[in-house]
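Presented below is the structure to which this report refers.
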């Protein structure tokens, strides 16, 4: 073989090795796709509040599990969520709606949780609770429709469900929410967060701009504090039922790791 061909051959080999090295570094830099999604419902609801989201996420190839919070205490709900996280076979995207946002803020400290998605939710900081976080924003119309039971549990009145919780849903959807409502222990809303997971983990936030349960201004302030990637939707409190495709897209983006936001405490 001539010297000329040897030089050309060596150059080709070096180019191939450089390309392989570059691709390897790129693969290592790309965040791994997360296949497990755990959905956490809020107060006065159950796992069926995610019924429109589950098939959309499954169609994306994601493994989806809905937590069934007992709504008996904040500690019980965090434990129920951590139990489901622990049952998954790999990293998890943890999604919380409403009071479920407070739950994932605490449960999200689990090392298996890769990212957090808040949907019209509370997102307390250390030492805060869902109840205390909402106080500076005043009483919303929906909160005025809460009715106490003798044992300390609270229920949302039919008027509250139809006009404040889910005013933009169909009549059939509203009646289903009424039928599946779970009374919530009032003390659960006062359970304080020991460490806010959003301070160290990337977060996404769906803000419901017509929310009558959690003030939209509160949601915006929460999202800003956690440096979340924000999606605003013109819906009621139950954005996942009003615009399921948009909410599913946000969850899918979190699972793919695309443009993951940097949390306040660093990556």
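The values are calculated or read from the model by the stated rules, or taken from the named source; none is laboratory data. In this text the structure is predicted, and so the values were computed from the model without any measurement. Cβ coordinates were reconstructed from backbone atoms using ideal geometry, including for glycine residues, and neighbour counts include every protein chain displayed.
Kindly indicate whether residue 90 is more than 30 Å from residue 170 (Cβ to Cβ) and either touching a helix residue (DSSP H, G or I) at 6+ places or on another chain (Cβ under 7 Å) or in a loop (DSSP other than H, G, I, E, B) (or both).
Judged against the criteria, residue 90 is a match.
When residue 262 is evaluated against the numbered criteria (1) crowded, with 19+ Cβ neighbours inside 10 Å; (2) not assigned by TED's automatic domain parsing to the domain that holds residue 63, which criterion, by number, is the only one it fails?
In the conditions (1) crowded, with 19+ Cβ neighbours inside 10 Å; (2) not assigned by TED's automatic domain parsing to the domain that holds residue 63, residue 262 misses (1) alone.
Name every residue in the stretch 144-176 that is surrounded by 14 or more Cβ atoms within 10 Å (Cβ to Cβ) and in contact with a strand residue (DSSP E or B) (Cβ under 9 Å, 6 or more places away or on another chain), in order of residue number.
Result: 145, 146, 153, 154, 155, 156, 157, 160, 164, 165.
Show me the strands (runs of 3 or more DSSP E) found entirely inside the stretch 133-252 where at least 2 residues are under 21 Å from residue 264 (Cβ atoms) and under 22 Å from the mean Cα position of the chain (by Cα).
Of the strands (runs of 3 or more DSSP E) lying wholly inside the stretch 133-252, those with at least 2 residues that are under 21 Å from residue 264 (Cβ atoms) and under 22 Å from the mean Cα position of the chain (by Cα) span 203-208, 229-233.
Within the group 9, 42, 61, which residue is surrounded by 10 or more Cβ atoms within 10 Å (Cβ to Cβ), modelled with pLDDT of 50 or more and out of contact with any strand residue (DSSP E or B) (no Cβ under 6 Å at 6 or more places or on another chain)? Steps first, please.
Working: 9 fails: modelled with pLDDT of 50 or more; 42 fails: out of contact with any strand residue (DSSP E or B) (no Cβ under 6 Å at 6 or more places or on another chain).
Answer to the selection: 61.
I'm told residue 66 meets every condition in (1) assigned to a strand (DSSP E or B); (2) surrounded by fewer than 17 Cβ atoms within 10 Å (Cβ to Cβ) except one. Can you identify the failing condition by its number?
(2) is the only condition that residue 66 fails.
Output the number of the condition that residue 205 fails; it satisfies all remaining conditions of (1) outside the structural domain of residue 94 (by TED's automatic domain parsing); (2) modelled with pLDDT of 95 or more.
Unmet condition: (1).
Cβ-Cβ under 7 Å, sequence separation 6+ or interchain: first residue in the stretch 131-160 and free of Cβ contacts under 8 Å to residues at least 24 places away in the same chain, partner outside any strand (DSSP E or B) and surrounded by fewer than 19 Cβ atoms within 10 Å (Cβ to Cβ). Which pairs?
Between residues of the stretch 131-160 that are free of Cβ contacts under 8 Å to residues at least 24 places away in the same chain and residues that are outside any strand (DSSP E or B) and surrounded by fewer than 19 Cβ atoms within 10 Å (Cβ to Cβ), the close pairs are 145/157; 145/159; 147/157; 158/178.
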